[in-house]
Structure formats: C-alpha cells, structure tokens
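Heads up, the thing below is written out as structure tokens.
The values are calculated or read from the model by the stated rules, or taken from the named source; none is laboratory data. If you're wondering where the values come from, they're calculated on a predicted model, not measured in any experiment. Methodologically, a virtual Cβ is constructed for each residue, glycine included, from the backbone with ideal geometry; neighbour enumeration extends over all protein chains shown.
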Amino acid sequence: MQLTVLGCFGPYPRAGQSCSGYLVQEGDSAVLLDCGNGVLSRLRYYIEPWNLDAVVLSHLHSDHVSDMMIIRYAIMVKRYQEPGPALKVYAPADPQSEYDRLAYKDFVATYPVTEDTCLRLGNMEITFSKGAHPVLSHLITIQSGEKKLVYSGDTEYFPEMSQRIKGADLFLCEANYLREDIQKGHVNHLAAYQAANAALEGEVKRLVLTHHHPDRNQEHSLQEAREIFANTELAVADKQYTL
Ligand SMILES: [Zn+2]
C-alpha cells in the first residue's frame, strides 16, 4: 500500500500549497482521501481523477472537499469523450446541505458513510469511526493484508482515540495546534503532543503529522511530538510512504 501526500494544510493553504488530500494506492486500486482546494492539480501528477476507484471524504468542511466542485467538471468532460462510470464518493451525509452538493448529474455518485460502513476496494478494506469535530468527521482506517493505515480526519482529542488507531503501521494525524493553543482553550483540532500521545498509547509504528497551520513553522509541531513519540515526521506534499 502506498500513501502519497497531495496537500497537508488547513484550514487554508500556504502559498503554492494545497489543503487536505492523500492518495492511497494498493495493487490496481486507487482511492483519494479528502479533496481540499488545490488537490486536483497535484493528484494529476499521479493519476487522473476518472481513474480513481473512489473518493473518501472524512468530513464536509471546505478545506477537505472544495476541489470536489472542480473534479466533477473533469469527470464530465472526460465522460463526454469516453463514456464510463460515475466517480464514487463516500462521505458522511451531514451536514445534509453540503452532502447534497457533492453528487453531479451522471458523473459523480455519492454514498453516505457511517460507522457501520465497510468498503472493499481491491485488497483494501476501509472502515470508519467518529472523531470529535463540529461536523461529523471520521477517522478512516485502511487495512490491506497485514498493513494498516489510519487517517485522523479532523478531530480534537478524545479518550478512545488510541484504541481506534491501535497497531497502525502509519497514523496520518492532524496537528493543527500546539500545546499552547490547547492551554488557551482552543478546540476542534489536535495539538502535536496529543497526536503523539495517541500514537504512543495506540502503539502505532509511525506518526505523520498533517493539517499544518499555514502560517507557522511546522518544526515546532515536530519537536513537540517527538518529545513524546520519536518516530514522528511531517507530511510534505509529494512525499510517498510505502506500507
Ligand atoms: Zn474540519
């Protein structure tokens, strides 16, 4: 299984960068996790959007979905030239108004995701568990054989988190904050030290921090996390991980 970082900033990008988007490939299967602004242009270095097996959205905040509004045009234009199936998009159906915007004519088909959903794409099995965020956001687990990738989506810390990520080979975790933000009472996202605590308790093998604050030096996040969990690194656009 291969993970490629396409965009790793939120809630808005640094100059020349993109918000959340991660390509996961296993064998002949390819799934895009989240589709924030700027993701489509980076995706095309690796795969064309009409060749994706599915898009899976953690939640419906704009920094995770806004390029869906553009991908649909790419699928439409392609399908006018070459008939084929709709792009499948799996997402929480809440907020309903945001969910309803995702489907597009015969070109993009949507399927609601809950904690009971289990998707099978090639050798990948994809499951979901609720995070803690102002809108319904899922942690997404992709299992392929012995290998396990967990993506946090957006979430603040919650006690069961370490159980949800147990034994992951790679935990791709948002770390929008630093400890000082949590001390000031900021909510809805994780600080780097909280991601690291979860990684430690969850006995994951590797922690990759993402959803970077666009106007801060990410080395502070890295340092904060590494004090707790040494095998931490920063997501960087175009970086690839093989599990
Ligand atoms: Zn969010």
When residues of region 27-39 are filtered for being aliphatic (A, V, I, L, M) and either surrounded by fewer than 23 Cβ atoms within 10 Å (Cβ to Cβ) or without any contact (Cβ under 8 Å) to a residue 24 or more places away in the chain (or both), how many remain? 1
Return the residues of region 161-206 that are under 17 Å from GLY131 (Cβ atoms), of a type in the set (Ser, Thr, Tyr) and out of contact with any strand residue (DSSP E or B) (no Cβ under 6 Å at 6 or more places or on another chain); say none if nothing qualifies. SER162
Within region 120-142, of all residues that are crowded, with 19+ Cβ neighbours inside 10 Å, more than 13 Å from the ligand (Cβ to nearest atom) and more than 13 Å from the chain's Cα centre (by Cα), the one nearest to PHE158 (Cα to Cα) is MET124
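Can you go through VAL89, VAL55, VAL24 and tell me which one is more than 16 Å from the ligand (Cβ to nearest atom), in contact (Cβ under 8 Å) with a residue 60 or more places away in the chain, outside any loop (DSSP other than H, G, I, E, B) and not hydroxyl-bearing (Ser, Thr, Tyr)? Let's see the steps before the verdict.
Values: VAL89 fails: in contact (Cβ under 8 Å) with a residue 60 or more places away in the chain; VAL55 fails: in contact (Cβ under 8 Å) with a residue 60 or more places away in the chain.
That would be VAL24, the only listed residue that is more than 16 Å from the ligand (Cβ to nearest atom), in contact (Cβ under 8 Å) with a residue 60 or more places away in the chain, outside any loop (DSSP other than H, G, I, E, B) and not hydroxyl-bearing (Ser, Thr, Tyr).
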Can you tell me which residue is surrounded by the fewest Cβ atoms within 10 Å (Cβ to Cβ) among those in region 167-192 that are closer than 23 Å to LEU3 by Cα and more than 16 Å from the ligand (Cβ to nearest atom)? GLY167
Can you tell me which residue among ILE142, ILE182, ILE228 is modelled with pLDDT of 95 or more, assigned to a loop (DSSP other than H, G, I, E, B) and at negative phi? ILE228
